[in-house]
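Working notes for the structure below.
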Amino acid sequence: MMDLHTHLDLYPNALEILSKVNSENRFTLAVTTSPRAWLASKKIFFGYDNIKVALGLHPEIATEKFNEMDLLLESISQADFIGEIGIDGSARYVTSLAKQELIFENAIKECQRAGGRVISIHSRGASLKVLSVLKKYPDSGKPILHWFTGSIADLKTAIDMQCHFSVNPLMAKSKKGKNLISRIPKNLILPESDGPFATQNGKPIMPWEAMDVCCALSEIWSMPIIEIREQMKNNLNDMECI
């Protein structure tokens, strides 16, 4: 089992499920929403070797956490994994777009300066902006576009840039999600839960349920589930993050 994008610190019962997450999953990327949350989560998750904590500053709270940008940039040299960062271009967050873009570009620039990082990226309504920044800093690391919902043209650009894509069971159920996934090379896809925000049957998707996406991928790709699970393992190994 593996999960390349989960907000583990935000589950209501986070402390209760840590041991199960660590034992069930060979790799879990616990993204954070702010640098201070990263500092706290690092302490709480210390000793759980299969859980890696990513340093983030979520674009949805760019205004509220703008005073943490310096801490974000200063901490990148100490973090192997970055996320969740990015840009949200939806109408709800248009007033913070300038701050979002400033935070994201500075973070990506710092990732390149630090020698490259594995980066989990939010790009809702802003895939073109996100890809433009990544193009400016080609040595920033290994970008993973989390729950990508951009255009087919932007998808092609991201594929040409060898971005990875983390997909969850909900994305794989929608018509648009299926269409996008069908166009992504199999070696560039990784599973995610996006819990506790992503839910099924009224319950948060758990980190050990991220691989349930393989059932939907089996239908989309007309492949046996066992082969897809093996593909996911190979894709994770190719990320060189374990």
Scattering profile of the stretch 70-134 at q = 0.28 Å⁻¹ [log10 I(q)/I(0), Debye over alpha-carbon scatterers] = -1.26
query = Of the beta bridges DSSP finds with both residues in the stretch 130-242, what % are antiparallel, to the nearest 5?
reply = 25
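Can you give me the relative contact order of the stretch 142-242 as a percent, contacts being Cα pairs under 8 Å and 6 or more apart?
Numbers: 122 pairs, mean separation 24.5, N = 101.
That works out to 24 percent.
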request  = Between ASN187 and SER19, with labels modelled 7 Å along Cα→Cβ, what's the label distance in nm to one decimal, could you check?
outcome  = 4.1
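Classify the stretch 140-242 from the C-alpha gyration tensor, please: rounded if a/c falls under 1.5, else prolate or oblate depending on whether a/b exceeds b/c.
Details: a/c = 1.32, a/b = 1.21, b/c = 1.09.
Because its axes are fairly even, with a/c under 1.5, the stretch 140-242 counts as rounded.
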request  = Quote the relative contact order of the chain in percent (integer), defining contacts as alpha-carbon pairs under 8 Å separated by 6+ residues.
outcome  = 19
query = If Lys and Arg each add +1 and Asp and Glu each add -1, what is the summed charge of the other residues whose beta carbon sits under 11 Å from the beta carbon of LEU71?
reply = -1
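Just tell me, in residue order, which DSSP H segments of the chain are both 18 angstrom or longer along the helix axis (alpha-carbon based) and at least -0.5 in mean Kyte-Doolittle hydropathy. The partial results should precede the final answer.
Numbers: long enough: 97-113 (24 Å, -0.46); 225-238 (20 Å, -0.98).
Going by DSSP H runs, the hits are 97-113.
Given C-alpha coordinates of the chain, what is the ratio Rg to Rh with the Kirkwood estimate of Rh? It would help to have the intermediate numbers written out before the result.
Numbers: Rg = 16.5 Å, Rh = 17.7 Å.
My calculation of the ratio gives 0.94.
What's the local net charge at GLU24, with K and R +1, D and E -1, over the other residues with C-beta under 12 Å away? Intermediate results must be reported in sequence, preceding the final value.
Working: positive: LYS20, ARG26; negative: ASP3, GLU209.
Charge balance near GLU24 sits at 0.
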message = Just to confirm a number: summing +1 for Lys and Arg and -1 for Asp and Glu over residues other than LYS175 whose beta-carbon lies under 14 angstrom from that of LYS175, what do you get?
response = +3
query = Per residue Cα convex hull volume for the stretch 1-93, in cubic angstrom?
reply = 102
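Could you tell me what percent of the DSSP beta bridges with both partners in the chain are antiparallel, to the nearest 5? Working shown, then result.
On the way: 2 of 24 bridges.
Around 10 percent of the beta bridges assigned by DSSP in the chain are antiparallel ones.
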Whole-angstrom gap from the stretch 170-220 to the stretch 1-52, using each part's C-alpha centre = 19
request  = Hey, can you grab everything whose amide H is under 5 Å from the amide H of LYS142? Only 5+ residues off in sequence or another chain; H modelled, so Pro and N-termini drop out.
outcome  = ARG117, VAL118, ILE119
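Convex hull over the Cα atoms of the stretch 44-161, averaged projected area in nm²? Intermediate values should be presented prior to the final figure.
On the way: hull surface 30.5 nm².
Computing the convex hull of the Cα atoms and averaging its projections yields 7.6 nm².
Rule-based calculations on the coordinates, nothing more; no lab input. A quick note: this is a predicted structure, and the numbers were derived from the prediction, not measured. Note that we place each Cβ from the backbone using ideal geometry, even for glycine, and neighbour counts take in every protein chain shown.
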